[in-house]
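Reviewing the structure listed below.
The values are calculated or read from the model by the stated rules, or taken from the named source; none is laboratory data. Computed from a predicted model, the values in this text were never measured in an experiment. Positions of Cβ are backbone-derived with ideal geometry, glycine not excepted, and every protein chain shown enters the neighbour counts.
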Amino acid sequence: MSKIHVSTTVNGEPQEFLCEADQSMLDVLRGPLGLTGSKEGCGSGDCGACTITVNGRIVCSCLMLAAEAEGQKIGTIEGMADGEKLHPLQQKFLEQAALQCGICTPGVLMAAKSLLERNPDPTEHDVRFWLAGNLCRCTGYDKIIRAVMETAADMRGASR
Amino acid sequence: MTDVQYVAPRTLDEAVGAFAAATGAARILAGGTDLLVQMRAGVVRPGLIVDIKKIAEMTTIEETAGGGFRIGAAVSGATLREHAKLKKAWPGVVEAANLIGSTQIQGRATAGGNLCNGSPAGDSVPAMVAAGAIVTVQGPKGRRDLAVEKVPAGPGRLNLTAGEIVVCFTLPARPKGSGDAYLRMIPRTEMDIAVVGCGVSLTLDKGTCTAARVGLGAVAPTVLLVEDAAKALIGSKFGAGGLDDAALAKAAAACSAACRPIDDKRGTIAYRTRIAGVLLKRTATIAAERAGRN
């Protein structure tokens, strides 16, 4: 069986790749495209470590076929910082040590960014529900939630 | 190298043609949140995957001429949530679909997939049953419509013939004074599979319930339409204290009587049977409150 040729956009850049019909987007990102920021935790859509955006919506890249990326706009953690300048969420996570082992962090950051784009002033309840699909086995979540809330406040202040 | 083929047709006719012509096992790919997990677990090994998300009819929500809604089978939960008019007319259907999985899952998971996965515990299905949704399917022999409760045949099995694809759900126009709701029992607050799920849709006219439908999930091999519970609600009064207690008790008993559940790690037969009645009361109360405001 011949491979499938896919033309897509990854982090704003046109990208082409070949994949198998049953290969996941996560496999292609981490393999041929060399974008290893997205992690594989469970492989079944439960943990959120592989979170990417497709046309601005967060999805688990382990539950998406790579072939589905044809003509779509894919966003990964590698596209979050602006060159050397970290996104405010990334900066806050570092400052507040809102991570321990770091495996869940790319997915958490992708999901949190997507929340703040839609809701710049979320309640703690909003943050906890939005991030319910991102499992962290180290932090107990409080630091993550606090970092997201404080980033939201900073970004609101900066935009005034 | 694998022997799986992937196609993403632009039209429904092409999709039906490819699906019907497949020699081995073929699977429709909508959101993939069940299919990819099953493929990975080795439960299904499709020879052909037909991605239906490039077909406009499958991925859009439209208002029908009569004031109802047509929801494409591959519309994601996130898209349902963002449709203000649909959410206002059918809050129960939207909240049921939105209970499935995390934000990430909502970005992909669809009502069509939830129905076709054939789980008795699918959250959107009892709400669709209560709503009186009509499912349009298309196959090699053309199109047909059937009531949503007629689609599941048993766990993982559907009353569809070879090559048929679920195209869309049609929700009817809402008479004034209508409301719907969906509640499920799970032992935690989020991200779990229903132990029991209950959908209720009803219409009030001057404080009297004139129409009702009740859907129950996770208590039988398929999601159930509980007509006796609806009959118990119809004719009851909705006052300051909510729906008439006697009618609610009768409807709850009808739900418990309809249960044919299994014992499993999520709940026992006795627990599911009892909870079906409890959930009916709570869900009908919310539906009636919403109806009273419309």
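Residue selection: A:S24 satisfies the criterion of being outside the structural domain of A:D142 (by TED's automatic domain parsing), hydroxyl-bearing (S, T, Y) and free of Cβ contacts under 8 Å to residues at least 60 places away in the same chain.
When B:M191 is tested against (1) surrounded by fewer than 18 Cβ atoms within 10 Å (Cβ to Cβ); (2) assigned by TED's automatic domain parsing to the domain that holds B:F69; (3) over 24 Å from B:A284 (Cβ atoms), only condition (2) is not met. I'd like the full set of residues that are touching a Lys or Arg at 6+ places or on another chain (Cβ under 6 Å) and in a helix (DSSP H, G or I), limited to region B:47-77. Matches in region B:47-77: none. Look at (1) over 30 Å from B:I52 (Cβ atoms); (2) assigned to a helix (DSSP H, G or I); (3) hydrophobic (A, V, I, L, M, F, W, C) and you find that A:A67 fails only one, number (1). Based on this model, can you work out whether B:R213 counts as modelled with pLDDT of 95 or more and assigned to a strand (DSSP E or B)? Criteria met by B:R213. Looking at B:A127, is it in a helix (DSSP H, G or I), outside the structural domain of B:L224 (by TED's automatic domain parsing) and free of Cβ contacts under 8 Å to residues at least 40 places away in the same chain? Criteria not met by B:A127.
Restricting attention to region B:52-75, the residues being surrounded by fewer than 23 Cβ atoms within 10 Å (Cβ to Cβ) and within 13 Å of chain A (Cβ to nearest Cβ) number 3. B:R10 satisfies every condition listed in (1) in a loop (DSSP other than H, G, I, E, B); (2) modelled with pLDDT of 95 or more; (3) touching a strand residue (DSSP E or B) at 6+ places or on another chain (Cβ under 8 Å); (4) surrounded by fewer than 21 Cβ atoms within 10 Å (Cβ to Cβ) except (3). Considered as a group, the residues in region B:104-113 that are in contact (Cβ under 8 Å) with a residue 24 or more places away in the chain and either touching a Ser or Thr at 6+ places or on another chain (Cβ under 8 Å) or within 13 Å of another protein chain (Cβ to nearest Cβ) (or both) include one that is surrounded by the most Cβ atoms within 10 Å (Cβ to Cβ), and that residue is B:A111. When region B:97-149 is examined, which residues are found to be over 18 Å from B:M58 (Cβ atoms) and touching a Pro at 6+ places or on another chain (Cβ under 8 Å)? Once the filter is applied, which keeps residues that are over 18 Å from B:M58 (Cβ atoms) and touching a Pro at 6+ places or on another chain (Cβ under 8 Å), region B:97-149 yields B:G118, B:S119, B:P120, B:V125, B:A131, B:G132. When region B:197-211 is filtered for residues that are in contact (Cβ under 8 Å) with a residue 40 or more places away in the chain and either closer than 16 Å to B:G132 by Cβ or assigned by TED's automatic domain parsing to the domain that holds B:K150 (or both), the ones remaining, listed by number, are B:C198, B:G199, B:V200, B:S201, B:L202, B:T203, B:C209.
Considering A:A66, A:A98, which residue is touching a Cys at 6+ places or on another chain (Cβ under 7 Å) and at pLDDT 95 or above? Spell out how you get there, then give the answer.
Numbers: A:A98 fails: touching a Cys at 6+ places or on another chain (Cβ under 7 Å).
Only one candidate passes the filter, namely A:A66.
Scanning region B:4-43 for residues that are within 23 Å of A:E40 (Cα to Cα), free of Cβ contacts under 8 Å to residues at least 40 places away in the same chain and within 11 Å of chain A (Cβ to nearest Cβ) yields B:L29, B:L36, B:V37, B:Q38, B:M39, B:R40, B:A41.
For B:A162, are the conditions met, namely being assigned to a strand (DSSP E or B), surrounded by fewer than 18 Cβ atoms within 10 Å (Cβ to Cβ) and in contact (Cβ under 8 Å) with a residue 12 or more places away in the chain? Lay out the reasoning, then the answer.
Details: assigned to a strand (DSSP E or B): no; surrounded by fewer than 18 Cβ atoms within 10 Å (Cβ to Cβ): yes; in contact (Cβ under 8 Å) with a residue 12 or more places away in the chain: yes.
No; evaluated as a whole, the condition is false for this residue.
A:L115 fulfils the conditions (1) in contact with a Cys (Cβ under 9 Å, 6 or more places away or on another chain); (2) within 14 Å of chain B (Cβ to nearest Cβ) except for a single criterion, (1). Hey, does region B:137-151 have a residue that's under 20 Å from B:N294 (Cα atoms) and either acidic (D, E) or part of a loop (DSSP other than H, G, I, E, B) (or both)? No, every residue in region B:137-151 fails to be under 20 Å from B:N294 (Cα atoms) and either acidic (D, E) or part of a loop (DSSP other than H, G, I, E, B) (or both). Candidates are the residues of region A:16-50 that are assigned to a strand (DSSP E or B) and surrounded by 16 or more Cβ atoms within 10 Å (Cβ to Cβ); the one that is nearest to the chain's Cα centre (by Cα) is A:S24.
Is it the case that region B:95-108 has a residue that's over 22 Å from A:L115 (Cα atoms), of a type outside the set (F, W, Y) and at pLDDT 95 or above? Looking through region B:95-108, none of the residues is over 22 Å from A:L115 (Cα atoms), of a type outside the set (F, W, Y) and at pLDDT 95 or above. Checking each residue in region A:51-64 for being more than 7 Å from every other protein chain (Cβ to nearest Cβ) and not in a strand (DSSP E or B) picks out A:N55, A:G56, A:S61, A:C62. When region A:82-105 is limited to residues that are under 21 Å from A:S61 (Cβ atoms) and touching a Ser or Thr at 6+ places or on another chain (Cβ under 6 Å), the one that is farthest from the other protein chains (Cβ to nearest Cβ) turns out to be A:L99.
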